[in-house]
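A.B. asks: What follows is a structure written as structure tokens; I'll ask about it next.
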Amino acid sequence: MAEPTPLSFGKLEQSAVAEVLDSGRLWRGNGVGWGSRHDSVGVAFGDRLEDAFAQWLGLPYAHAVNSGTSANEAAIAGLGLEPGAEVICPAACPAFVPFAILAAGCVPVFADVHPETLLLVPAAVERVASERTGAVVAVHLWGLPAPMVEITALARSSGWKVVEDCAQAFGTLIEGRPVGTFGDACCFSLQQSKHITSGEGGVVATADPDTYTRAVLYSSAGVPNFRFGLPVPRRPPGALGRGHTGFGHNHRIGEMQAAVALAQLSRLDTFNRRRADLVALIEQELARRNDVPVRVPRALPGATVSYWRYPLVVPFGRGTFQEIPYLEPVFQRMDTERRTPFGLPLPEHVTYAPGSCPQAERGASRVRAISVHHGLTDGEVLASVDAALTDL
Ligand SMILES: *Cc1c(COP(=O)(O)O)cnc(C)c1O
């Protein structure tokens, strides 16, 4: 995990935080029915972050929340699936992805992945699909793009929705088009290790107003804090209650986080240039050390990869990748009890048995990844290359 360095946080973040503290308002507090707007200090940082993020990504709606996992949840909740719908996700990804599917009231179904990139394989998605499949979550692991053209075509012909998890892929392009803009909704994390960070935080974005409004309701305790000019339902005069129109969590982002994230977003291109330099440095070093038994997983043709970490394929059994969620004790328990932690029964064909996604398990034992965090020095990255090439 990369440590924070002076390169990561600077004057821009400091003055943004100072502005929030000086305003006396650390709570976003936007939206009709939530008391005063930020009259004295202009627009809330939460609003400014959403506007800037939507513009950066080229989507009309963005909603900032308190973590990447909350963004995953809001994206899935935004799809408006039937309760208990099956949502397919890759067998190799952080457990936060299937946790978000569970929390949104759905059943995670794992599809096997490419044994080197660990990305979703469309044929494997088809194999685990059923009549109850409602959506697919594609994860752009390492910053490598999942095959979105094939996945969206398959989803369209099957009547499924698609979520793109872009937590590790800020700025990755497929044929010049940013990942996040292919599916029905996308989510990003602003956690410490990601391309930009506010410590904790996340953003969900979409081109569809209904997906956006459902995502907002889910993350804002059912209160319709809609932005981007969308109509906010009027409460009848004299209505009782505070306007909770449905169930939702409180996953709101705070102003300190939003202010830091906004500053970081404005520096993303600079960070990404540094990350690309570190990738070039790694590739130079690998070329020099051409005696080592490693391969570099290839990205889709036509992709521009904004690496989060740089993966290497090493000899079988030497990998250090640990993120096969269904092998976690919590999924093993679900498999035995045949129900989710929220009591939803598991359909008979859904299994979390070890060995059920063999390419993911094989792949995990063959992948080591090197951090290309923009805050690292050349020397630190070269040392990690050396460590990754040891004991092979
Ligand atoms: C980091 C990450 C998450 C979770 O984000 P948090 O901000 O840690 O909740 C989800 N998916 C992927 C692919 C991630 O890398």
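Since every read-out is calculated from the coordinates, none of them should be taken as a lab result. Since the structure is predicted, the reported quantities are computational estimates derived from the model, not experimental observations. Glycine gets a Cβ as well: all are built from the backbone with ideal geometry, and neighbour counts include every protein chain shown.
A.B. asks: Two decimals is fine: what is log10 I(q)/I(0) at q = 0.17, 0.22, 0.24 Å⁻¹ for region 143-207, from a Debye sum with one equal scatterer on every Cα and no solvent?
C.D. replies: Debye curve over Cα of region 143-207, log10 I(q)/I(0) at q = 0.17, 0.22, 0.24 Å⁻¹: -0.59, -0.88, -1.00.
A.B. asks: Taking the Cβ of residue 148 as the centre, find all other residues whose Cβ is under 13 Å away and add up their charges (Lys, Arg: +1; Asp, Glu: -1).
C.D. replies: Result for the neighbourhood of residue 148: -3.
A.B. asks: Percent of Cα-Cα pairs per 10 Å bin, from 0 to the last occupied bin, for region 150-301, please list those.
C.D. replies: Cα pair-distance distribution for region 150-301, in percent: 9, 27, 31, 20, 9, 3, 1, 0.
A.B. asks: Could you tell me the distance between the Cα centroids of region 313-373 and region 235-258, to the nearest Å?
C.D. replies: About 36 Å separates the Cα centre of region 313-373 from the one of region 235-258.
A.B. asks: Tell me, rounded to the nearest percent, the portion of alpha carbon pairs in the chain spaced more than 40 Å apart. Walk me through the numbers before you get to the answer.
C.D. replies: Working: 12191 of 76636 pairs.
Cα-Cα pairs of the chain separated by over 40 Å account for 16 percent.
A.B. asks: So, in nm, how far is label residue 330 from label residue 289 when the simple model puts each one 7 Å beyond its Cα toward the Cβ?
C.D. replies: Reported label-point gap for residue 330 and residue 289 is 3.5 nm.
A.B. asks: What percent does the relative contact order of the chain come to when contacts are Cα pairs within less than 8 Å and at least six residues apart?
C.D. replies: Relative contact order of the chain: 22 percent.
A.B. asks: Ok, one more. Along the principal axes of its C-alpha atoms, what lengths does region 241-307 span, in descending order and rounded to whole Å?
C.D. replies: 69, 26, 23 Å, listed from the longest principal axis down.
A.B. asks: Can you give the calculated 222 nm mean residue ellipticity of the chain, where each DSSP H run of n ≥ 4 adds -39,500 (n - 2.57) and the sum is split over every residue, rounded to the nearest 500 deg cm²/dmol?
C.D. replies: -10500 deg cm²/dmol
A.B. asks: Compare the peptides 250-258, 232-240, 370-378, 123-131 by average per-residue count of other Cβ atoms within 10 angstrom and give them in order, highest first. If you can, show how the numbers build up before the last one.
C.D. replies: Values: 250-258: 22.0, 232-240: 9.1, 370-378: 19.1, 123-131: 15.1.
Ranking the peptides 250-258, 232-240, 370-378, 123-131 by packing returns 250-258, 370-378, 123-131, 232-240.
A.B. asks: Let me ask something additional. Going by average Cβ density within 10 Å per residue, which order do the peptides 281-292, 358-369, 110-121 take, highest to lowest?
C.D. replies: The most tightly packed comes first, giving 110-121, 358-369, 281-292.
A.B. asks: Could you work out how much longer the chain between residue 210 and residue 277 gets when fully extended? Use 0.36 nm per residue separation minus the Cα distance between them, nm to one decimal.
C.D. replies: The residue 210-residue 277 span can extend by a further 20.1 nm.
A.B. asks: Which whole-Hz couplings ³J(HN,Hα) result when phi for each residue of region 287-299 is put into the Karplus expression 6.51 cos²θ - 1.76 cosθ + 1.60, θ = phi - 60°, listed in order with x for Gly and Pro?
C.D. replies: For region 287-299, the Karplus-derived couplings read 5, 5, 9, 6, 8, 8, x, 10, 10, 9, x, 7, 7 Hz, x marking Gly and Pro.
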